[in-house]
Amino acid sequence: MEHKIENNTSAKPVNICHGSLLGSIDLDGIWSQIHGAAVEMAEHESHLKHMLDDVVISRNNLAESLAVRLARRLSREDMQRAELEPLFGDIFTANEAIVRSVARDMTAIVDRDPACSSALEPLLFYKGFLAISAYRVAHSLWSEGRRSLALYLQSIVSETFAVDIHPAAQIGCAILLDHATSVVIGETSIVEDNVSILHEVTLGGTGKMTGDRHPIIRSGVLIGAGAKILGRVEIGECAKIGAGSVVLDDVAPHKTVAGVPAVLIGKRTVGSPAMDMDQKLYEGNAI
């Protein structure tokens, strides 16, 4: 079986987990909000009290809480909670940047999703958030050479949350996977900071190429539901990809494309589609 080598890598630097994004996050403040919201929820919903106590109320910080939540959701006969929880906890303890990235993902969800009322809700209920949090663990393992364990986590996350992210993919901070069902992000994909991706999006390769064969998604991009972006194409900063589109070529910054195959619909010179979450498509020269 032959595989064509493809190494079409952009010369532009990659903006992943920019220092200002991570350095300015208030972990203690976010944890205080989560803990307070959990106590209030437990008072009003007795059926969730045991879970809330185990995951949040009895815990000391976000890292410990997240390790418990992921272990509860991903445990099974192959690897039970008693193994997963310390694995996750050790990784979060050794890599505070991962916890800060998770916190940024939380704030992105609260800021961009009107259905989300607090950072507690993603931790408990949002599979997109839990999937990308687990990816961050798998990516750390992959980077350390523990590839078999990283691939194991990828497979379990895919089965549990219906989100398939290869652990070698490079993904930034403040990422929103909205609804998240059937999102696929391939091995050599690059997703920069402040990107919003809706359900059934694929960042995939084409043919049997090896090397850099998946898309580069720049900061501020919004990818609509069901869009497929295939090959080593680059989606420029603050571009918008319409729902259901198939993108096979580069998209310039601040441009809107839609269709099968995707064509230019318009452009915008201010604002960020990822932040606005505006799904509308416009004809003409401006949005």
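The values are calculated or read from the model by the stated rules, or taken from the named source; none is laboratory data. Keep in mind that what you see is a predicted model, and the values were worked out from it rather than measured. Every residue, glycine among them, receives a Cβ derived from its backbone with ideal geometry; neighbour counts consider all protein chains shown.
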Worksheet item: Can we say Gly211 is outside any loop (DSSP other than H, G, I, E, B) and farther than 30 Å from Asp78 by Cβ?
Response: yes
Flagged pairs (Cβ under 8 angstrom, 6 or more apart or on separate chains; first in the stretch 54-83, closer than 23 Å to Glu40 by Cα; second part of a loop (DSSP other than H, G, I, E, B) and among the charged types (D, E, K, R)) are Ser65/Arg59; Val68/Arg59
Within the stretch 154-171, restricting to residues that are among the hydrophobic types (A, V, I, L, M, F, W, C) and under 15 Å from the mean Cα position of the chain (by Cα), the one that is surrounded by the most Cβ atoms within 10 Å (Cβ to Cβ) is Ile165
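Every residue, every condition in (1) of a type in the set (A, V, I, L, M, F, W, C); (2) outside any loop (DSSP other than H, G, I, E, B); (3) assigned by TED's automatic domain parsing to the domain that holds Ser272; (4) exposed (fewer than 11 other Cβ atoms within 10 Å of the Cβ), yes or no:
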{"site": "Leu21", "(1), (2), (3), (4)": "yes, yes, no, no"}
{"site": "Ala38", "(1), (2), (3), (4)": "yes, yes, no, no"}
{"site": "Met41", "(1), (2), (3), (4)": "yes, yes, no, no"}
{"site": "Leu52", "(1), (2), (3), (4)": "yes, yes, no, no"}
{"site": "Asn60", "(1), (2), (3), (4)": "no, no, no, yes"}
{"site": "Arg72", "(1), (2), (3), (4)": "no, yes, no, no"}
{"site": "Glu83", "(1), (2), (3), (4)": "no, yes, no, no"}
{"site": "Ala103", "(1), (2), (3), (4)": "yes, yes, no, no"}
{"site": "Thr107", "(1), (2), (3), (4)": "no, yes, no, no"}
Of Ala174, Ala138, the only residue that is touching a helix residue (DSSP H, G or I) at 6+ places or on another chain (Cβ under 7 Å), buried (at least 19 other Cβ atoms within 10 Å of the Cβ), modelled with pLDDT of 95 or more and assigned to a helix (DSSP H, G or I) is Ala138
Among residues of the stretch 142-192 being in the same structural domain as Asp78 (by TED's automatic domain parsing) and touching a Pro at 6+ places or on another chain (Cβ under 8 Å), the residue nearest to Ala243 (Cα to Cα) is Gln154
So, first residue surrounded by fewer than 22 Cβ atoms within 10 Å (Cβ to Cβ) in the stretch 241-257, second residue polar (S, T, N, Q), Cβ within less than 9 Å, six or more apart or across chains; the pairs are Ala243/Gln279; Leu248/Thr206; His254/Thr269
Exactly one of Leu124, Leu149 is free of Cβ contacts under 8 Å to residues at least 24 places away in the same chain and either crowded, with 18+ Cβ neighbours inside 10 Å or assigned to a helix (DSSP H, G or I) (or both), and that one is Leu149
Subset of the stretch 180-208, residues in contact with a strand residue (DSSP E or B) (Cβ under 6 Å, 6 or more places away or on another chain) and assigned to a loop (DSSP other than H, G, I, E, B), comes to Ala180, Gly186, Thr188, Ser189, Val195, Val201, Thr206
